[in-house]
1. So which of I52, I36, I74 is hydrophobic (A, V, I, L, M, F, W, C), under 26 Å from the mean Cα position of the chain (by Cα) and more than 30 Å from D201 (Cα to Cα)?
2. Identify the residue in segment 359-398 that is buried (at least 22 other Cβ atoms within 10 Å of the Cβ) and among the basic types (K, R) and, among all such residues, is nearest to the chain's Cα centre (by Cα).
3. Quick one: which residue in D321, D365, D326, D339 is among the acidic types (D, E) and modelled with pLDDT under 95?
4. How many residues are farther than 22 Å from D326 by Cα and surrounded by 15 or more Cβ atoms within 10 Å (Cβ to Cβ) when one looks only at segment 166-193?
5. Output the number of residues of segment 191-224 satisfying the condition of being closer than 14 Å to N301 by Cβ, in contact with a Gly (Cβ under 9 Å, 6 or more places away or on another chain) and either in a strand (DSSP E or B) or hydroxyl-bearing (S, T, Y) (or both).
6. Considering each of V165, V141, V112, V123 in turn, give the residue that is of a type outside the set (S, T, N, Q), out of contact with any Ser or Thr (no Cβ under 7 Å at 6 or more places or on another chain) and over 21 Å from I265 (Cβ atoms).
7. So, in segment 230-254, how many residues would count as being of a type in the set (S, T, Y), surrounded by 24 or more Cβ atoms within 10 Å (Cβ to Cβ) and in contact with a Cys (Cβ under 7 Å, 6 or more places away or on another chain)?
8. Do we have E163 as in the same structural domain as C239 (by TED's automatic domain parsing), modelled with pLDDT of 95 or more, surrounded by fewer than 18 Cβ atoms within 10 Å (Cβ to Cβ) and more than 19 Å from the chain's Cα centre (by Cα) here?
Amino acid sequence: MNDDLHKLQPYPFEKLAQLFQGVKHPGKLPHIALSIGEPKHASPDFVKQSIIDNIDKLSVYPTTKGLPELRNSIATWCCNRFDLGEEGLCPDTQVLPVNGTREALFAFTQVVADRTHIDGLVVSPNPFYQIYEGAAYLAGVTPHFLPCLPENNFIPDYDAVPEFVWRRCQLLFLCSPGNPTGAVTNEATLRKLIELADEHDFVIASDECYSEIYFDEAKPPLGLLQACKNMGRTDFKRCVVFHSLSKRSNLPGLRSGFVAGDADILADFLKYRTYHGCAMPVQHQLASIAAWSDEEHVKENRRIYQQKFSAVLNILDGVVDVQCPDASFYLWPQTPVADTDFARDLFEQQHVTVLPGRYLSRTVDNINPGEYRVRMALVAPLAQCIEAAERIKHFVQS
């Protein structure tokens with residue numbers, strides 16, 4: 001067996017199940033889950049219809065590179081959304097469809113990491129999406145975590161990173177908007193990181209799967225490729241982005257996303273994926289074309305999230321220390337007691353599930369940025385989110 005498997009921690013939801021073992025919740029209150037970031041809004045009907053209309057494609061082997069029509073639709077969406085200009089993205093060399101960002105983030109790390117360098121690092125924010133850590137260990141390199149603290153608006157303080165970390169860095173993960181903080185990395189910081197990648201020859205992988213859930217239609221979150229284009233780097237050297245239809249279009253079960261950026265890196269990634277056996281089913285590719293080609297359902301999705309954030313934050317104002325994030329569908333409140341105690345007792349007394357922050361982060365230099373915080377995913381219907389907020393208010397005040 002691969003000995004690096006022993007380095008993997010249980011997934012956060014396994015830890016949560018252990019935390020709740022033996023806990024008896026009040027049976028009279030229906031359960032409300034704010035713990036899992038699984039969109040609950042309706043999937044677009046036209047996407048469902050596309051799958052039905054193309055169900056005969058089950059008899060067709062899909063190609064790893066995907067249909068040209070899909071790559072074209074992705075390139076068009078990406079260029080329009082991130083203002084990539086006339087040169088834009090080359091659908092043939094700078095775009096690859098993937099089965100959701102989770103699969104792609106893991107596989108990409110296996111391609112980029114060089115295990116012959118025993119001191120190689122995969123650098124990521126802390127707290128973080130646990131795939132970053134697991135992918136690093138199973139690629140034979142070491143994860144290195146940068147704390148996301150409120151004093152720096154929940155963005156790592158990249159100026160405080162020692163020079164030796166950048167020298168050893170092979171892959172830098174960004175998550176913007178962040179999971180669980182919802183923080184968006186600004187253009188000045190992205191430019192600085194691109195320059196560091198040039199200086200120290202590492203790759204930047206920007207996980208942007210929450211980019212389409214934001215609160216001001218006039219100010220969508222900036223993307224890494226957009227920062228590259230604004231610097232005149234239309235080859236997107238050393239930079240790749242990851243996007244998904246899961247959150248944007250409420251299609252987590254479709255398992256559809258894409259990776260875009262540096263053509264040289266994507267050529268090697270395609271080679272890996274050809275052996276990896278992860279081609280997207282043709283009927284899902286055709287449904288994805290329909291989803292990437294429509295923005296009205298995405299705007300409606302944002303409108304519903306805006307409603308929920310407004311209502312929930314109004315209820316929790318003065319109850320817990322919580323702010324509206326820059327984007328995403330998470331709240332990251334500070335808890336008046338230990339985050340694990342808060343989550344367990346809230347479940348026991350109010351039958352509401354939230355995720356302890358320490359399950360999403362690691363202790364480095366005796367500091368765990370997730371302690372005394374919980375992640376609340378406002379994915380449930382509006383009425384349930386309001387009910388959950390009222391129960392949390394009652395729980396804290398009592």
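The values are calculated or read from the model by the stated rules, or taken from the named source; none is laboratory data. In this text the structure is predicted, and so the values were computed from the model without any measurement. In this analysis, Cβ positions are derived from the backbone assuming ideal geometry, glycine residues included, and neighbour counts consider all displayed protein chains.
1. Details: I52 fails: under 26 Å from the mean Cα position of the chain (by Cα); I74 fails: more than 30 Å from D201 (Cα to Cα).
I36 is the lone residue from the list that is hydrophobic (A, V, I, L, M, F, W, C), under 26 Å from the mean Cα position of the chain (by Cα) and more than 30 Å from D201 (Cα to Cα).
2. Step one: filter segment 359-398 for residues buried (at least 22 other Cβ atoms within 10 Å of the Cβ), giving 359-361, 369-370, 373-379, 385, 388-389, 392.
Then drop every residue that is not among the basic types (K, R), which leaves 373, 375.
On the way: R373: 19, R375: 14 Å.
Ranking the qualifying residues of segment 359-398, first place goes to R375.
3. Details: D321 fails: modelled with pLDDT under 95; D326 fails: modelled with pLDDT under 95; D339 fails: modelled with pLDDT under 95.
Only one candidate qualifies: D365.
4. Going residue by residue through segment 166-193, those that are farther than 22 Å from D326 by Cα are 166-171.
Keeping just the survivors that are surrounded by 15 or more Cβ atoms within 10 Å (Cβ to Cβ) gives 166, 168-171.
Qualifying residue count, segment 166-193: 5.
5. So the count comes out to 2.
6. Working: V141 fails: over 21 Å from I265 (Cβ atoms); V112 fails: over 21 Å from I265 (Cβ atoms); V123 fails: over 21 Å from I265 (Cβ atoms).
The conditions single out V165.
7. Going through segment 230-254, the residues of a type in the set (S, T, Y) turn out to be 234, 244, 246, 249.
Still in the list and also surrounded by 24 or more Cβ atoms within 10 Å (Cβ to Cβ): 244, 249.
From what's left, in contact with a Cys (Cβ under 7 Å, 6 or more places away or on another chain): 244.
Qualifying residue count, segment 230-254: 1.
8. Working: in the same structural domain as C239 (by TED's automatic domain parsing): yes; modelled with pLDDT of 95 or more: yes; surrounded by fewer than 18 Cβ atoms within 10 Å (Cβ to Cβ): yes; more than 19 Å from the chain's Cα centre (by Cα): yes.
So E163 fits the description; yes.
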